[in-house]
Protein chains: 2
Amino acid sequence: MNVESDLRQRLRLIVLTRPRPAAGRLERVVYEILEAGCPAIQLRDKESPASELFRQAVALRKLTSSFEALLFVDDRFDVALAAGADGVHLGPEDLPVKGVRKAAPRPFLVGYSTDDPAAGARAARDGADYLGVGAVYGTRSKPGLQGEAVGAERVAKVRRAAGIPCVGIGGITPSNAGAVAADGSGVAVMSAVMDAERPGAVVRQLLEEIGRAFPSASQPTSDDI
Amino acid sequence: MNVESDLRQRLRLIVLTRPRPAAGRLERVVYEILEAGCPAIQLRDKESPASELFRQAVALRKLTSSFEALLFVDDRFDVALAAGADGVHLGPEDLPVKGVRKAAPRPFLVGYSTDDPAAGARAARDGADYLGVGAVYGTRSKPGLQGEAVGAERVAKVRRAAGIPCVGIGGITPSNAGAVAADGSGVAVMSAVMDAERPGAVVRQLLEEIGRAFPSASQPTSDDI
């Protein structure tokens with residue numbers, strides 16, 4: 001298994017945390033998610049000040065480390081660095097991929113959000129390690145946003161253009177995760193897990209659906225060298 | 001001249017940039033300020049997204065480097081790192097000093113805002129290189145804020161408690177800068193320079209007043225070892 005296919009396996013499911021949870025709840029939910037086998041967590045909170053985001057990131061770093069899961073911080077490269085997270089996930093309004101890559105050499109991981117194949121290829125050249133592509137099936141996480149659905153085919157298209165691991169995001173549930181995973185892309189989920197009464201159960205369902213569809217590392221795909 | 005007194009000299013005047021200037025104006029004003037001899041600039045913009053803050057930081061890095069002036073970025077350690085700034089200035093809602101210090105060893109500079117001697121001493125122990133203390137004479141930069149004036153004596157008090165260079169901030173003009181500088185503290189200014197018709201002229205006046213009052217490096221004070 002080479003480094004890229006190892007990363008692809010670890011990015012088969014990323015759970016994004018819901019912003020501003022009630023005190024204490026975030027750690028409890030993340031523990032349940034990790035215990036269910038989730039290989040990657042992304043701390044996402046666009047409201048809280050950096051001091052609070054850092055406190056959360058440190059708490060999630062302890063949890064994710066004990067489960068050997070990856071931890072990403074959304075937007076804030078500084079919070080990711082200071083908390084010892086594995087990487088940062090950037091969007092078009094954040095620091096440019098190239099600037100972050102230069103300041104933080106690998107193995108620090110840099111993700112970038114795009115639904116455009118050319119922008120994805122550019123981000124890969126600039127040093128991104130993976131892409132978040134969506135919204136695949138619309139979104140429930142961004143109120144007021146139409147959440148145009150780009151479909152699972154777009155994830156595959158961006159992935160072929162960029163040549164790095166991709167993760168579909170937006171409206172993904174256990175019932176539609178397989179279509180994204182079938183091509184070897186990962187899946188990122190927020191609402192379906194964070195709003196569930198039993199988040200761990202949803203993570204198990206997702207991993208099962210993804211595992212059924214996802215080309216395993218022992219069956220090399222055209223991406224593997 | 002030891003490292004601390006060298007830093008103290010370079011922090012005798014910091015000009016903070018005004019948020020969201022009209023396009024092009026920021027670079028032009030900063031050029032004028034640097035040409036007038038300002039030894040340090042702090043990029044301050046709490047409104048713009050990180051992508052825009054980064055663009056500004058890169059532009060100011062080029063300017064400050066050509067004048068051998070220091071560049072600090074307010075709040076955003078990640079923008080400071082990616083743009084190659086000399087340091088970051090943190091407040092109580094930002095990343096903790098200790099976390100940033102760990103992620104960015106010296107010579108990267110870490111400043112911290114406080115008006116409390118005990119908090120200043122703690123920040124120094126956590127790895128801060130200097131403190132911003134205020135509001136010395138109130139403030140015009142934070143609308144809606146009362147801007148309680150702590151006075152020049154407080155800057156001196158925090159400086160004695162922390163044992164690192166301090167910079168008074170808040171309502172400072174050429175006519176009152178001397179009182180802060182007399183004790184060997186530096187001066188940070190936003191409105192008096194950024195709102196001036198001739199920012200360079202105000203910087204020259206400030207430097208003159210500070211130079212008159214400020215214990216020079218060739219006359220060791222009790223701080224010098």
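Largest mean-square fluctuation among A:S51, A:S191, A:S65, in a Gaussian network model of chain A whose springs join Cα atoms under 10 Å apart, belongs to A:S51. Taken as entire DSSP H runs, the helices of chain A never both span 27 Å or more between Cα atoms along their own long axis and average 1.6 or more on the Kyte-Doolittle scale.
Using the Cβ-Cβ distance between B:R25 and B:R212 with R0 set to 30 Å, the FRET efficiency from 1/(1 + (r/R0)^6) comes to roughly 0.45. Region A:95-129 and region A:36-91 have Cα centres spaced 18 Å apart. Step through the table entries A:K62/B:K98; A:K102/A:K157; B:K46/B:K157; B:K102/B:K157, compare each Cα-Cα distance with 24 Å, and write down the pairs that go over it. Result: A:K102/A:K157; B:K46/B:K157; B:K102/B:K157 exceed 24 Å. With contacts taken as Cα pairs under 8 Å at a separation of at least 6 residues, region B:3-224 carries a relative contact order of 21 percent. The distance between label points at B:R198 and B:E35 comes to 1.3 nm (points 7 Å beyond Cα on the Cα→Cβ vector).
Within the listed set A:G168, A:G186, A:G127, the Gaussian network model of chain A (springs between alpha-carbon atoms below 10 Å) gives the highest mean-square fluctuation for A:G127.
Relative to its residue count, the protein assembly as shown spans a Cα convex hull of 154 Å³ per residue.
Grouping the Cα pair distances of region B:3-224 into 10 Å bins from zero gives a pair-distance distribution of 9, 37, 40, 14, 0 percent in increasing distance order.
Each copy carries a label point for B:E153 at 7 Å from Cα toward Cβ; from one copy, the others' points are 7.6 nm away, ordered from shortest. Counting protein heavy atoms only, the protein assembly as shown has 50 percent of its accessible area on carbon and sulfur, 1.4 angstrom probe. Exposed loop sites, defined as GluC sites (Glu not before Pro) outside DSSP H, G, I, E and B with at most 12 other Cβ atoms within 10 Å, are absent from the longest region of chain B, namely B:94-147.
Annotation: the antiparallel percentage among DSSP beta bridges lying fully within chain B is about 0. Report the paramagnetic label zone for A:K46: residues of region A:66-94 whose backbone N is under 12 Å from a point 7 Å from Cα along the Cα-to-Cβ axis. Only A:75, A:91-94 pass the distance filter. Can you tell me the FRET efficiency between B:V58 and B:V3 if r is taken as the Cβ-Cβ distance and R0 is 25 Å, rounded to the nearest 0.05? Approximately 0.40, to the nearest 0.05. Within the listed set B:A83, B:A213, B:A196, the Gaussian network model of chain B (springs between alpha-carbon atoms below 10 Å) gives the highest mean-square fluctuation for B:A196.
The values are calculated or read from the model by the stated rules, or taken from the named source; none is laboratory data. The shown structure was predicted, so the numbers you read here are calculated from the model rather than taken from an experiment. As a convention, Cβ positions derive from the backbone with ideal geometry for all residues, glycine included, and neighbour counts pool all protein chains shown. Side chains included, ligands, DNA and RNA excluded: accessible areas come from the protein's heavy atoms. Shrake-Rupley method; radii C 1.70, N 1.55, O 1.52, S 1.80 Å.
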